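The block underneath contains the structure these notes are about, expressed in structure tokens.
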Amino acid sequence: MAQTTHSPSAPAARSGPIGWITENSLAGMARRRALLGYLFILPSLLGVLVFTAGPVIASFGLSLYQWNIIDPPTFIGLDNYERLANDTRVLQSFVTTGQFVVLAVSLQLVVSLLLAMGVQSLKQTGLRYVFRTAYFLPLLTSAASISIVLAYMFHQDFGVINYYLGKVGVARIPWLNSSTWAMLAIVLTYVWQQIGFTFIVFLGGLSGISRDVLEAADLDGATGWRRFWDITLPMLSPTLLFAAVIAVIGALQVFAEPFVMTNGGPGDATRTVVMMIYESAFSFLQIGYGSAIAVLLFVVILLVTALQFRLSNKWVFYQ
Amino acid sequence: MSQAASQESTIATTAHRSLVLNRLGLLIRVTLLLAVAIIMLAPIVYALVTSLRSPVESFTLPPKWIPTEADWSSYRSVFTTIPFEQYIVNSTVVTLAIVIGQLITSALAGYAFARLKFPGRELCFWIILATLMIPLQATIIPVFVLIKELGLSNTRASLVLPALSSAFGAFLLRQYFLRIPDDFEEAALLEGANQWEIFWSIYLPLAKPGLSVLAILTFNVYWNEFLRPLIFLQSIDKFTLPLGLVNLQGYLGTGSISVVLAGVIVSLLPVLVVYLVGQRYLVEGIMMGGLKG
Amino acid sequence: MAEPTGRINRRNLLLTAGAGLSSLAIGSATTPAIAAAPAFLRQEQTLRIAFEGTAVDPLDQQLADGFKEQFPDANIEFIPIQGTDWNEYFAKVLTMIASGTAPDIMSVATEGTQLFASQGLSTPLDDYVKRDQAELEEYFADVHPSLVEAMMYEGSLYQLPRDFNAANMYINTTLFEEHGIDYPATDWDKDTFYQIARTLTAENGGPPFGYGWTNRLWGSWMPWIFVNDSNLLTEERAPGGEWLWDAFYADADDTVQRGGGWRWEAPQANAPANVEALEFVVQMAQEGITPSVSEGGGDLLQGFFTSNSLGMTPAGGFWAGGLNEAGMTPDAFDVQYFPKWKSQRHQFGTAGYVILESSQAKDLAWEFLKYVVSKPAMELSFGGNFSTPVRRSMLTAEQYSPTGPQHWEVFYGTLDEHPETAPIPAPPQANEMTSIFMRYTGLALTFSQSPQEALDSMQAELEELFAQEG
């Protein structure tokens, strides 16, 4: 038998899979890294597949059944979707949610950007810290419970908001009792709570804009508005995209605020898609139908996000 | 006056003028920011102030923003009217379990995506990333069914198990690990460290800011979440805080507003503490997410 | 004065009581003697009892202990389940049933009686009642037949009613006195009511407001539908039920021809009487007599009432304890029958325990049902006046003097004096029906639709709902 030529200090080579892994070579090292890689991502990947990817597919499946929990499910094919296509209430909820998203996200992005710019411009770190905490604080509250507070404040007859509006001569606004105003009240509540997040995002983005570029712009005579429009904004665009995408995805799923404040009312004026899913699946125990609505929502979110990324080519500028 | 001198004086005047304008601008800016800050804090202050008044007084206008005398009975009621301590325990157990779980799974996954090469790495990353776009509502019904099949209905485990892994966490920590230079690894390899040691002793500690950010954000999200507990939990003793608080309003709403608001304030405190402890990492963390897009 | 303790819940069956509790020994001589427990009951059995509430408190434990004295081998497990409304509570219990952790007994209110019965989720009690007729005579004699009838479906009885609440008119005596208005007569009519409401409302718009209510099924503007001699759905009595009426109410001077339970077969939302009723409440809202009507819960309403910002509101016996707990003295409020329109027919809701069909311990469950409606057990639970017990004999001056109201006789008088008083409409589709009802009520009250339009649309949707397979 031929003698192996391994150096005395190296362990004897083993055969099979173990050997393949423990092989003392560059290739072996690469394999060990790969194995470690798979092991490391296993929990996350598994969790995501089982609890997110899998269920989405399962939702598709469930939507083909009729099921009320008590009795076994019955297969009904695409009937749920047919019903969905003719269900004005559900379709209306998509429109309502769309209106909400447009109002809430634009308000949220504009205000948080302005706030971030304002705070960024302050030299005193003490002041910055104070404002940062103040703007972030609402985010720390639970949407459901703080909506209770805001429902009290928005009350037409006993709420503080109308009280102060009355002081400046504005008649009592039927915040939660009018189809138009209720939407605004929900938007304001939602934006109030969520502003902290995009505010911090913009703060980070602004601080990332290199000083040199700004100074160069100053020297060239670009100041104020021009500087903002032509320099700051483009440099901020990746951050803007990130903030916009996150904000839109979040707003499309709004639930707690309308659920607690108006219960979707008056009528269906503030009934969002998620509320319809909840109502169908958990109030009326129509699991299949609720799943169909959820599937539709998922598709909408995908399309909207894809659209945002597609459009971003036109206005986002990467360094 | 010589040309140089007049130029100088023009510059001086301009400089003086812009200094004044700056000061004015600063004043205006601070005032506006302050006004917004007041609006932002108003509802929380309102909750605090109303909770310190007796229910009968809660409804009188004009509202008193500064309580003349603090009536703590509402806070006591919170703990006697509903099993508040139980809610706090439940929320704490669930949230901590989720935070710890996510830190572990995300650190591992983030490191792997950033520093370990293996076939299919990019594909796996994009799969995980794609799930970020899936709304909770699209999955909640099947997860509910799955939980039921697993026999975990109405348990705290039903909240924890699905939340142990996080696409957002994996993404965030990947960004963190990407920014740490390779030098550390090279040096460690020369010393004969194996892959696990490199991760555990070198890169993980360096990623502390990222871990802190994830911890804070995750804590905040899950401490306050409402929809999943609403659907997964049925019996009182399992409820988490937000659920318990909404139900503090009472069946047919006969609960007292002061008590409800006292509950809101109390449930705000733990999150506030977590935030204050870790908030300096927060800006960095969200910044990193923002920049990498 | 009652200390702030447990939750206030109009149909909560196991409640914490206030300080005005008389301590009673359970299992005293007043409990009907039970012969040595039959063999099947001597095995260890656990009864899981679900009810709407926030917590299991010492009183529940006392109740359980009392039961165990008679049935030493029984284990009682209380499961408080809470939802912000009946719908939610019910959905959660269904989830428990679906996931195999079903309770044996659960409290069910009028809204759910027919849903459970029609789906075969609850067990008919007929055989048990017939078997134990002698024992139950005392109970039925103390309970008005209207309440029993509300718990029947297609000839069978599914629950023993335990508490009820009719919508009477609560009055803020402070505001009344301020305006020099006397306590109204028992047959005061709608116009008198309207005048009072206007007088109580502040000149340039409230607060204070004359009359307020919240948007839900029981007690919203439903009482006005009833006193206008109408209903949201058509009413009919199912045949059958003689076995019960002959056994227990043959001697009672019950003027009404009872049947086997209610049938609400078809919607009539836009009947002229209903439109009239809706127009009336909408008019009051337009004139600023009614503050903005919010959905669901009445916590705001109670707050306004207790702070003298609201003069009158529909509520039941369940408010007595609640107002007291919120700080109102017994003489700060009072109650009167709902004003008379075409009739003075009131609406009520009632609740009792149901034995789930899936239970493995039905016989023991039935013993518990009987136990829990026995007088000592009920006296233990209803001390705080957070709901109205179905036992006539329990409504006494002594019972209500700690909390008020002064005219507590109105509560049971609603049944005795006005036998045509009926339960709120609660067909098997009650959940969806309530949702539709509330939505269009909201639209009408926010003036987005005229009452006629709102009720026409409501009718259309209800017709669609009733046309579907149950």
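Residues of segment B:42-98 that are open to solvent by 30 Å² or more (accessible area, probe 1.4 Å), modelled with pLDDT of 80 or more and not in a helix (DSSP H, G or I): B:Trp72 alone.
Kindly indicate whether any position in segment B:100-109 is assigned to a helix (DSSP H, G or I), over 25 Å from C:Thr101 (Cβ atoms), open to solvent by 50 Å² or more (accessible area, probe 1.4 Å) and not polar (S, T, N, Q).
As a first pass, look at segment B:100-109 and keep what is assigned to a helix (DSSP H, G or I): B:100-109.
Right, trim to over 25 Å from C:Thr101 (Cβ atoms) and you get B:100-109.
Retained after the next criterion (residues that are open to solvent by 50 Å² or more (accessible area, probe 1.4 Å)): B:100, B:104.
Checking which are not polar (S, T, N, Q) leaves us with B:100, B:104.
Scanning segment B:100-109 turns up at least one residue that is assigned to a helix (DSSP H, G or I), over 25 Å from C:Thr101 (Cβ atoms), open to solvent by 50 Å² or more (accessible area, probe 1.4 Å) and not polar (S, T, N, Q).
The residue pairs whose first member lies in segment B:90-116 and is within 30 Å of B:Asp237 (Cα to Cα) and touching a residue at least 40 places away in the same chain (Cβ under 8 Å), whose second member is among the hydrophobic types (A, V, I, L, M, F, W, C) and open to solvent by 40 Å² or more (accessible area, probe 1.4 Å), and whose beta carbons are closer than 7 Å, counting only pairs six or more residues apart or on different chains, are B:Ile98/B:Leu164; B:Gly101/B:Leu164; B:Gln102/B:Leu164; B:Thr105/B:Leu164.
Restricting attention to segment A:47-71, the residues that are among the aliphatic types (A, V, I, L, M) and within 7 Å of chain B (Cβ to nearest Cβ) add up to 5.
Candidates C:Tyr170, C:Tyr158: the one that is within 30 Å of C:Lys362 (Cβ to Cβ) and open to solvent by less than 30 Å² (accessible area, probe 1.4 Å) is C:Tyr158. Within the option set C:Ala426, C:Ala351, C:Ala365, being touching a Lys or Arg at 6+ places or on another chain (Cβ under 8 Å) and small (Gly, Ala, Ser) holds for one residue only, C:Ala351.
Within segment A:262-299, the set of residues being in a loop (DSSP other than H, G, I, E, B), within 11 Å of chain B (Cβ to nearest Cβ) and either closer than 16 Å to A:Val187 by Cα or out of contact with any helix residue (DSSP H, G or I) (no Cβ under 9 Å at 6 or more places or on another chain) (or both) comprises just one member, A:Thr272. Scan segment B:35-78 for residues that are touching a Gly at 6+ places or on another chain (Cβ under 9 Å) and more than 7 Å from every other protein chain (Cβ to nearest Cβ) and jot them down. Within segment B:35-78, B:Ser51, B:Ser74, B:Tyr75, B:Val78 meet the criteria. Considering A:Ile146, A:Ile209, the condition of being out of contact with any helix residue (DSSP H, G or I) (no Cβ under 6 Å at 6 or more places or on another chain), at pLDDT below 90, open to solvent by less than 20 Å² (accessible area, probe 1.4 Å) and closer than 26 Å to A:Leu115 by Cα is satisfied by A:Ile146 alone.
Just to be sure before I move on: is A:Ala244 among the small types (Gly, Ala, Ser) and under 25 Å from B:Val145 (Cβ atoms) in the structure I sent? Taking the combined requirement at face value, the residue does not satisfy it.
Taken over segment A:101-143, the criterion of being hydrophobic (A, V, I, L, M, F, W, C), modelled with pLDDT under 85 and part of a helix (DSSP H, G or I) is satisfied by A:Leu127, A:Ala143. Selection of segment C:404-442 for residues being open to solvent by less than 10 Å² (accessible area, probe 1.4 Å) and not in a helix (DSSP H, G or I) yields C:Gly404, C:Pro405, C:Thr421, C:Ala422, C:Pro423, C:Ile424, C:Pro425, C:Ala426, C:Pro427.
Under the condition of being within 13 Å of B:Trp223 (Cβ to Cβ) and small (Gly, Ala, Ser), the residues counted in segment A:139-160 number 4.
Here are A:Val102, A:Val95, A:Val90: which of them is within 26 Å of the chain's Cα centre (by Cα), closer than 27 Å to A:Ala269 by Cα and open to solvent by less than 30 Å² (accessible area, probe 1.4 Å)? Before the answer, list the steps.
Details: A:Val102 fails: open to solvent by less than 30 Å² (accessible area, probe 1.4 Å); A:Val95 fails: open to solvent by less than 30 Å² (accessible area, probe 1.4 Å).
Going through A:Val102, A:Val95, A:Val90 in turn, just one is within 26 Å of the chain's Cα centre (by Cα), closer than 27 Å to A:Ala269 by Cα and open to solvent by less than 30 Å² (accessible area, probe 1.4 Å): A:Val90.
The condition (being buried (at least 19 other Cβ atoms within 10 Å of the Cβ) and either over 22 Å from the mean Cα position of the chain (by Cα) or among the basic types (Lys, Arg) (or both)) is satisfied by just one residue among C:Gly210, C:Gly205: C:Gly210. Among the conditions (1) more than 7 Å from every other protein chain (Cβ to nearest Cβ); (2) at negative phi; (3) in contact with a helix residue (DSSP H, G or I) (Cβ under 7 Å, 6 or more places away or on another chain), the only one that A:Gly204 does not satisfy is (1). A:Leu307 fulfils the conditions (1) in contact with a helix residue (DSSP H, G or I) (Cβ under 8 Å, 6 or more places away or on another chain); (2) closer than 30 Å to A:Ser63 by Cα; (3) more than 9 Å from every other protein chain (Cβ to nearest Cβ) except for a single criterion, (1).
Taken over segment C:164-187, the residue count meeting the criterion of being hydrophobic (A, V, I, L, M, F, W, C) and within 24 Å of the chain's Cα centre (by Cα) is 5. Quick one: in segment A:151-178, which of the residues that are in a loop (DSSP other than H, G, I, E, B) and among the small types (Gly, Ala, Ser) is nearest to the other protein chains (Cβ to nearest Cβ)? So the residue we want is A:Ser178.
Screening the candidates A:Thr125, A:Thr198, A:Thr180, A:Thr133 for the property of being of a type in the set (Val, Ile, Thr) and crowded, with 24+ Cβ neighbours inside 10 Å yields one hit, A:Thr198.
Going through segment C:307-318 one residue at a time, which ones are open to solvent by less than 10 Å² (accessible area, probe 1.4 Å), within 13 Å of another protein chain (Cβ to nearest Cβ) and out of contact with any Gly (no Cβ under 6 Å at 6 or more places or on another chain)? Scanning segment C:307-318 gives C:Ala315, C:Gly316, C:Gly317, C:Phe318. From (1) more than 19 Å from C:Pro239 (Cβ to Cβ); (2) more than 17 Å from the chain's Cα centre (by Cα); (3) not aliphatic (A, V, I, L, M), pick out the condition that doesn't hold for C:Ser156. For C:Ser156, the exception is condition (1). The set of residues from segment C:340-373 being touching a Ser or Thr at 6+ places or on another chain (Cβ under 7 Å) and in a loop (DSSP other than H, G, I, E, B) comprises C:Arg345, C:His346, C:Glu357.
The values are calculated or read from the model by the stated rules, or taken from the named source; none is laboratory data. Keep in mind the model is a prediction, meaning the values are calculated, not measured. Note that we place each Cβ from the backbone using ideal geometry, even for glycine, and neighbour counts take in every protein chain shown. Accessible surface is based on the protein model in full, side chains and every heavy atom, while ligands, DNA and RNA are left aside. Shrake-Rupley method; radii C 1.70, N 1.55, O 1.52, S 1.80 Å.
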